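The values are calculated or read from the model by the stated rules, or taken from the named source; none is laboratory data. As the structure is a computational prediction, the values presented were derived from the model and not from experiment. So basically every Cβ, Gly included, is an ideal-geometry build from the backbone, and we count neighbours across all protein chains shown.
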Amino acid sequence: MTEPPKRSPLPANGLAAPLRIKLFRRIWLASLLSNLGLMIQSVGAAWAMTQMTSAADKVALVQTALMMPIMLISMPAGAIADMYDRRKVGLVSLTIALIGATGLTVLTWSGHVTPNLLLLFCFLIGSGMALFGPAWQASVAEQVPPETLPSAVALNGISYNIARSFGPAIGGIVVAAAGAVAAFAANALCYVPLLIVMYLWRRVTEPSRLPRERLPRAMVSGFRYITNAPSIRIVLGRTLATGIAGGSISALMPLVARDLLHGGAQTYGIMLGAFGMGAVIGALNIGEIRKRVNSETAVRLCSLVMGIAIAIVAISKMAVITAAALVVAGAVWMLAVALFNIGVQLSAPRWVAGRSLAAFQAAAAGGIGIGSWIWGHLADGIGVEGALLVSGVAMFVSPVLGLWMRMPSVEGRDEAGDMLADPEVRLPLTGRSGPVIVEIEYRVDLNRARTFYRLMQMVQLSRKRNGAYGWSIARDIADPQLWTERYHCPTWNDYLRQRNRATQSERKLHLRAMKFHRGLEPVKIRRMLERPFGSVRWKENSPDYAGAAAVEVLPAATPAGGST
């Protein structure tokens, strides 16, 4: 954890409010320069590939090489961002990207670069940025007050797209004047300021009273949270679909400049710059869009407009018309991506923020990577124009997904509740003791049974996404008023984590369930240590030998309204 950021005197919903915070402003400006370098490098890599081969699929694979690492390693990267100091994770990941950019520069300068080596080093740079992304995005909530978080998310999108507006044009000039090697060297230099700023960030951490999860377990915890969180699951599905349908723009842009507009590196840079400038326009208006329409309506409109814009790019033979269509496409693309990002940021509690954002990055980058592969191969078969037209149609019809996967309405982050005191125990336990079985007994009026059962379906998702396994709800056939909720956690430490991960809204949900309880006695909660045959070795002198049978099961009654 970090010290709470100082509150901005500007309105919380003002786009510039986060920039009043010194730490955020420094990191934002350094990331802007880093993004600028990455855009210059992307132009150099794509154009260098067109000089080495005329195969459309090879050219499209440059984007795949840069984006696919985000899909492949984002979950481990997100778990690492949640488990370790995000500042240190950022430093390590930026160093990896710097090594990749430097290596590519040296190989190109010495004349030893080949198409496969170019893709390999693009993959290495993409891997560094894939590791950096979740730590950087999750740390935004530590740099700004909660009410300015949507503005900070939009500003980070603006940072990328300002770079996308000017970086490709600069990259085109650099490549035309000094070759791809100069673009690669510029990218390496642009990582240095961000490394310095991250190094100087004095992030104050508060050690957890529970030991850190191991990486495999942390990844499983993140995956289980996402799969049991309908709002995040929907956003990720829509992000993936949008990335696949709209991935043709980034993948085929070099071929649009070369084959449809018959231009060179400068034309390519200008076209990318038009798309990036449109994205900046979209990001600047994200607040106004969120005020006027809900997320689902906004995403549908963005998809429809982008589908039309892609079709115009496909049939246009004039650079001016193509650039105008790309400005529109960039604006609606940025709006959609920002809405997806904000949806994930506000839906995920702090303990799993890095993993949730990593999943978002994986969905976005994976969609673009898969789409780039699809559209590249399709372009080889039916031409660039045909592939773009198919992509435009796919984007235009994508809003039908909203019939089954409607965007959630999220206004603010659901913060975690206060830490709970550990339950009373009478059996010697260690953090690795387990499995721990939890049983909760409710007495529910017969005429309220159906309503209670529906509520418990929501409780089930809450328990499972926070770490409970094997959840079930059962009704006593001899006493229909008696309901028993049951689940287990692998170890005692896992149980302590699970009961303290509940957000404020989840604890209200649990209290709602307890309010269904009727009777003179309070809700009864039993916490038991499972003892499979052969797992216990009793010693005559051990303190629990004489009363083993009495203390093997640990009943612990919790008053109504308490927490499990």
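Just need a number here: residues in segment 250-291 that are part of a loop (DSSP other than H, G, I, E, B) and at pLDDT 85 or above.
Final tally of qualifying residues: 3.
Return the only residue of Gly561, Gly547 being modelled with pLDDT under 65, on the phi > 0 side of the Ramachandran plot and out of contact with any Gly (no Cβ under 9 Å at 6 or more places or on another chain).
Unique residue meeting the criteria: Gly561.
Kindly provide the set of residues from segment 80-133 that are surrounded by fewer than 17 Cβ atoms within 10 Å (Cβ to Cβ) and either outside the structural domain of Leu61 (by TED's automatic domain parsing) or among the polar types (S, T, N, Q) (or both), ordered by number.
Thr95, Ser110, Thr114, Asn116
Looking at the structure I just gave you, is Ile125 at pLDDT 85 or above, part of a helix (DSSP H, G or I), hydrophobic (A, V, I, L, M, F, W, C) and within 23 Å of Trp201 (Cα to Cα)?
Against the criterion (at pLDDT 85 or above, part of a helix (DSSP H, G or I), hydrophobic (A, V, I, L, M, F, W, C) and within 23 Å of Trp201 (Cα to Cα)), Ile125 does not qualify.
Quick grid of which residues meet (1) under 27 Å from the mean Cα position of the chain (by Cα); (2) aliphatic (A, V, I, L, M); (3) under 13 Å from Trp333 (Cβ atoms):
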| site | (1), (2), (3) |
| --- | --- |
| Gly247 | yes, no, yes |
| Ala251 | yes, yes, no |
| Ala257 | no, yes, no |
| Leu260 | no, yes, no |
| Gly263 | no, no, no |
| Tyr268 | no, no, no |
| Phe275 | yes, no, yes |
| Ala298 | yes, yes, yes |
| Val305 | yes, yes, yes |
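Select from segment 112-148 the residues that are in contact with a Lys or Arg (Cβ under 8 Å, 6 or more places away or on another chain) and closer than 14 Å to Gln345 by Cα and list them in ascending order.
Listed by number, the residues that qualify are Pro134, Ala135, Trp136, Ala138, Ser139, Ala141, Glu142, Pro145, Pro146.
The conditions are (1) surrounded by 16 or more Cβ atoms within 10 Å (Cβ to Cβ); (2) under 27 Å from Val153 (Cβ atoms), and Gly237 fails exactly one of them. Which is it?
The single condition Gly237 does not satisfy is (1).
Being free of Cβ contacts under 8 Å to residues at least 60 places away in the same chain and surrounded by 24 or more Cβ atoms within 10 Å (Cβ to Cβ) is the filter here, so list the residues in segment 290-308 that pass it.
Cys302
Condition (residue is surrounded by fewer than 23 Cβ atoms within 10 Å (Cβ to Cβ), at pLDDT below 75 and of a type in the set (D, E, K, R)) applied to segment 142-159: is it met by at least one residue?
yes
Which is out of contact with any strand residue (DSSP E or B) (no Cβ under 6 Å at 6 or more places or on another chain) and crowded, with 19+ Cβ neighbours inside 10 Å, of Arg448, Arg465?
Result of the check over Arg448, Arg465: Arg465.
I'm told Val113 meets every condition in (1) in a helix (DSSP H, G or I); (2) within 24 Å of Thr50 (Cα to Cα) except one. Can you identify the failing condition by its number?
So the condition that Val113 fails would be (1).
State whether one or more residues within segment 201-221 are of a type in the set (D, E, K, R) and part of a helix (DSSP H, G or I).
Within segment 201-221, one or more residues are of a type in the set (D, E, K, R) and part of a helix (DSSP H, G or I).
Considering each residue of segment 309-346, count those that are farther than 30 Å from Pro146 by Cα, in contact (Cβ under 8 Å) with a residue 12 or more places away in the chain and part of a helix (DSSP H, G or I), and give that number.
Selection size over segment 309-346: 16.
What are the pairs, 6+ residues apart or on separate chains, where a residue within segment 507-528 that is in the same structural domain as Phe452 (by TED's automatic domain parsing) and farther than 20 Å from Arg465 by Cα has its Cβ under 9 Å from a residue that is of a type in the set (Gly, Ala, Ser) and buried (at least 19 other Cβ atoms within 10 Å of the Cβ)?
If the second residue must be of a type in the set (Gly, Ala, Ser) and buried (at least 19 other Cβ atoms within 10 Å of the Cβ), the pairs left are Val523/Ala513.
Taking the conditions exactly as written (in the same structural domain as Ser221 (by TED's automatic domain parsing), closer than 18 Å to Ile70 by Cβ and among the β-branched types (Val, Ile, Thr)), does Ile382 satisfy them or not?
no
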